[in-house]
Structures are given as C-alpha cells and as structure tokens.
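Written out below as structure tokens is the structure these notes cover.
The values are calculated or read from the model by the stated rules, or taken from the named source; none is laboratory data. As the structure is a computational prediction, the values presented were derived from the model and not from experiment. All Cβ positions, glycine included, derive from the backbone under ideal geometry; neighbour counts span all protein chains shown. For the accessible areas, the whole protein counts, side chains as well, though only heavy atoms, and no ligand, DNA or RNA atoms are used. Shrake-Rupley method; radii C 1.70, N 1.55, O 1.52, S 1.80 Å.
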Amino acid sequence: VVSLAAGRDGAHFAGTTAGLFRHAADGSELGLDAHVDGAAGSIGAGYVSALLPAGDDLWVGVGGSGLFRRDAATGRFASFRHDPAVPGSLSGDYITALHDGPDGRLWVGTRSNGLNRCSVAPFTCERFDGRHAGTPNLGHHHVTALRADGRGGLWVATSGGGLRRAQLGDDGRVRGFDRWGVDQGLLSDGVMSVESDADGSLWLATRQGLSRLDPVSGRVVNHVPQSGLPVSHFNTGASAADERYLYFGSVGGLVIVPKGQPLRLRPPSPVVITGIERLVGGRSVTLAPGEIEARFEIGIDEVLAAEFAVLDFTEAAHDYAYRLHAEDAWLPLGRRRQLTFVGLAPGRYALEVRGRDAFGRWSASQPLGFEVVPPLWMTSWFRGLALAAVVLLAVGVHLVRLRSLRARNAVLERLQSQR
C-alpha cells in the first residue's frame, strides 16, 4: 500500500502496486480497479501513488501513467497526461502528490517534472518546472508531499530541494517560492512529508530524522536517533494528523508525536581546530591546540594543513565548511575534517571552520589568523624601488639620447657654417 484516502460516504481507498482497492465503511471489500491493456476507461499502469477525494469522485495519481479521475457512478477513469504539443497539459506523468486548493484548482506534484496547478473544467495546468516564461520555478523536480499552509498558500516538500512555500498574490497568482533547507538548519534537503502542529510550526520527516521548523522565526529543532528518536529514515508522503497527534510512517514502523510540545532549541556543539601542520623546506612542524597561536606568519612556499572536529561526542558523521575571510561565502567540505593550503597569495587570512553536529545545528570555530609573507621581490617597497629604478633608467636613457642629438646638431651647424 503506497497511498490511502477516505471518501465522504465512508468508503476507503488503498492505492497499491497492483491497482486501486476499494472498501466500504464497514470494511467489506468492494473490488479492485486494475489496469487492463486496451480497455477504455481503465486505470493506468503503474503504482497508485496519490489519492484525493473530489466530492463523490476520486483523483488518482499513477506513477508513469499520469492523472485519472474515477467517476463514482460508473467506475470509469478519465485520463489526463502530459502532451508535449499541449502547453496546458501536465508537466509529467509520474504523479507523486495531490492537493485541492481553496479556489477549486488542483495541485499536482510529480517525480521528475516539478509542480502543476490545474483548473479542472476545462482541464489546463500552470507548470512550475522552470521551462516556461511567466511562471516561477519551483527549483526542484521531485515533489514528495503537498500541504496547505493555513493562509491559502501551499507547502511543497521535495526530495533533494528542501521545503518550499508557494507565495500567492492577492490575485491568486504564484509569485515565487520560499525555501528552507540544510543551510537554514534542517536535517536534510530530502523532505519526505510535512505536517502542521498546533502552534503553526511544521514537522518535516526526512531521510535522517524529524525536523521541526517555525517558519515565522526560522527556528529549527531536529530529532535524531542520538536524541531518542526510534528511527531515522521516513517514507515518502507517509504522514497524517488529527487533533491530538502527528503520525509519520518510517522504515521501522509508525512514529506518533503528541501535538503542542514546546519548541526547545538545543545549543550547538562547539567546533574547534584540533591541529595545524606546516611544511617548511621538506620539514614538518605540527602544532597541538594549546600550541596554536592566535596569529602567525608563513612563507609563500610553505604548505599549511589544518584539522578540525565537531565536539558532540556521538558516532554520527558531521558536515563541514570553511572560509578564509569573514565576508566570504562558506565553501562546503562534506565530511572532510582536513584542509591543505598550497600557494596562497600574500596577504592576511582568518580561517574559520563551521560544522554541523548530529542534531543538525551549525556552529563555527574561532577565527585562526595567519599572514602569508611575500618574498623580497613581491614586497611593496621592493616593487616601489624597482619601479623608481626603471623610471630613473628611462630618464637617463632619454637624457643621453638628447645629449647625443644635441652634439650631432652642433656638428651639423659647424659644417653648415664652414660651407
């Protein structure tokens, strides 16, 4: 079973890898809608990955076959697919998520072609996949879940692009998409599902744990196995909520979270530079943390290596980034804990390293200042003297040439006088 829905008459629908199962309110089986090759009105081939009631009818998203609407009276399926020749068709046929907007339009998420917003009668879609002028770009191709944001907008979870929020203007048009990801404190950019808590904060299920985001303040609290979460890897679109609880489906079972818990920030773990190594003329000099000076000098031909660590004392792997000036952007290192600098230009630097602990919090080390000392021929005073010498030489050559020209002119004048 990969999707579930309940009709307003109490019937239940289960989308599976074999088709669409239907059950009455009392649990009795009503039948299976399976794909039949060549049969008109049949459901498409593929996993039934998304379901959404539409009055008595049912929207059905199928992986690879597009979008279908099941007529409750006849049991037949109307098909809506991507057509390259029709700009208003769906952007792709692998449907992953469905949501009905307050204006009656249908939001359709896909696995490889971004997000659509479709008018039903007649059926035509706006595509937010970055390929059409005049419509904003969602910024990622794989949509995993869709949820209302409580203000007429839409939360869009993506598998690799973080969490997005559609910005809707007063006229209902989509103006753009806000984004939250790892850089804003989330555990992962792979968001599998999203649910809202009583205080308006969001719970995001990822492939590394649960992130709780307050979109107003930007505060993030992460829950991982190291902090007591029983699992870490959650399933795509497998979440729900009622008045008291949030439910998240994972590879290890169902995780239930009570609503209304306070959002308590955890202090980040410190990041320290644990060692410095300098290679001078083939000789290595290693400095321990207590021996590292606040500022030091190295020659332009020296090799400088640094090691660093996040001190959260867990067995989790940590992510790192660095910069050499306070105004520079952070350069990602992944999980590397070492840096080696060769051939740095002369000047002053302030090495900072930041790391993310097992709980998703970033923190930075104290800046380590050092100066790359230029050789004699690269110093400003030496270059000034060299420039002055070149100028004096040019002036001297010019004066000698003038003297020679004047002497030649004097000879010519004497010859003219004698003649």
Quiz item: Out of the range 191-214, which residues are closer than 20 Å to His99 by Cβ, assigned to a strand (DSSP E or B) and not hydroxyl-bearing (Ser, Thr, Tyr)?
Solution: Val191, Met192, Val194, Glu195, Leu202, Trp203, Leu204, Ala205, Leu213
Exercise. Name the single residue, out of those in the range 232-255 being closer than 22 Å to Ala358 by Cα and of a type in the set (Val, Ile, Thr), that is modelled with the lowest pLDDT.
Key: Val251
Practice problem: Could you grab me the full set of residues in the range 138-152 that are part of a loop (DSSP other than H, G, I, E, B) and open to solvent by less than 10 Å² (accessible area, probe 1.4 Å)? | Solution: Leu138
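When you scan the range 22-49, how many residues do you find that are open to solvent by 60 Å² or more (accessible area, probe 1.4 Å), outside any loop (DSSP other than H, G, I, E, B) and not charged (D, E, K, R)?
Of the range 22-49, the ones open to solvent by 60 Å² or more (accessible area, probe 1.4 Å) are 25-26, 29-30, 32, 35-38, 40, 47.
Now narrow it down to the ones that are outside any loop (DSSP other than H, G, I, E, B): 29-30, 32.
Pick out the ones that are also not charged (D, E, K, R) and you get 30, 32.
Total meeting the criteria: 2.
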Exercise. Mind counting the residues in the range 74-89 that are in contact with a strand residue (DSSP E or B) (Cβ under 8 Å, 6 or more places away or on another chain), small (Gly, Ala, Ser) and open to solvent by 50 Å² or more (accessible area, probe 1.4 Å)?
Key: 1
Quiz item: Residue check: is Arg127 in contact with a Phe, Trp or Tyr (Cβ under 9 Å, 6 or more places away or on another chain), on the phi < 0 side of the Ramachandran plot, in a strand (DSSP E or B) and open to solvent by 20 Å² or more (accessible area, probe 1.4 Å)?
Solution: no
Exercise. State yes or no: is Glu297 modelled with pLDDT under 85, of a type in the set (Asp, Glu) and farther than 19 Å from Pro346 by Cβ?
Key: no
Quiz prompt | Counted residues, the range 322-356 - those being at pLDDT 90 or above, open to solvent by less than 60 Å² (accessible area, probe 1.4 Å) and either assigned to a strand (DSSP E or B) or β-branched (Val, Ile, Thr) (or both) | solution = 14
Exercise. Quickly run through the range 301-311 and pick out the residues that are open to solvent by 20 Å² or more (accessible area, probe 1.4 Å) and closer than 16 Å to Ile273 by Cα.
Key: Ala305, Glu307, Leu311
Practice problem: Kindly indicate whether Arg212 is open to solvent by less than 20 Å² (accessible area, probe 1.4 Å), of a type in the set (Lys, Arg) and under 25 Å from Leu254 (Cα atoms). | Solution: yes
Quiz prompt | The lone exception for Ser91 - which of (1) among the small types (Gly, Ala, Ser); (2) in a loop (DSSP other than H, G, I, E, B); (3) within 17 Å of the chain's Cα centre (by Cα) it fails | solution = (3)
Practice problem: Determine if the range 387-394 includes at least one residue that is surrounded by 10 or more Cβ atoms within 10 Å (Cβ to Cβ) and within 51 Å of the chain's Cα centre (by Cα). | Solution: yes
Exercise. Check off (1) out of contact with any Phe, Trp or Tyr (no Cβ under 8 Å at 6 or more places or on another chain); (2) farther than 22 Å from Val271 by Cα; (3) charged (D, E, K, R) for Asp357 and give me the number that stays unchecked.
Key: (2)
Practice problem: Go through (1) open to solvent by less than 30 Å² (accessible area, probe 1.4 Å); (2) over 20 Å from Val143 (Cα atoms) one by one and return the number of the condition Asp170 breaks. | Solution: (1)
Quiz item: Are any residues in the range 47-57 touching an Asp or Glu at 6+ places or on another chain (Cβ under 9 Å) and touching a residue at least 24 places away in the same chain (Cβ under 8 Å), and if so, which ones?
Solution: Val48, Leu52, Pro53, Ala54, Asp56
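Here's the yes/no breakdown for (1) part of a strand (DSSP E or B); (2) open to solvent by less than 80 Å² (accessible area, probe 1.4 Å); (3) closer than 27 Å to Gly161 by Cβ; (4) in contact with a Pro (Cβ under 8 Å, 6 or more places away or on another chain):
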| position | (1), (2), (3), (4) |
| --- | --- |
| Ser232 | no, yes, yes, yes |
| Val257 | yes, yes, yes, no |
| Leu265 | no, no, yes, no |
| Ile276 | yes, yes, no, no |
| Phe296 | yes, yes, no, no |
| Phe313 | no, no, no, no |
Quiz prompt | Scan of the range 198-209 for residues that are at positive phi and either in contact with a strand residue (DSSP E or B) (Cβ under 7 Å, 6 or more places away or on another chain) or crowded, with 16+ Cβ neighbours inside 10 Å (or both), ordered by number | solution = Gly209
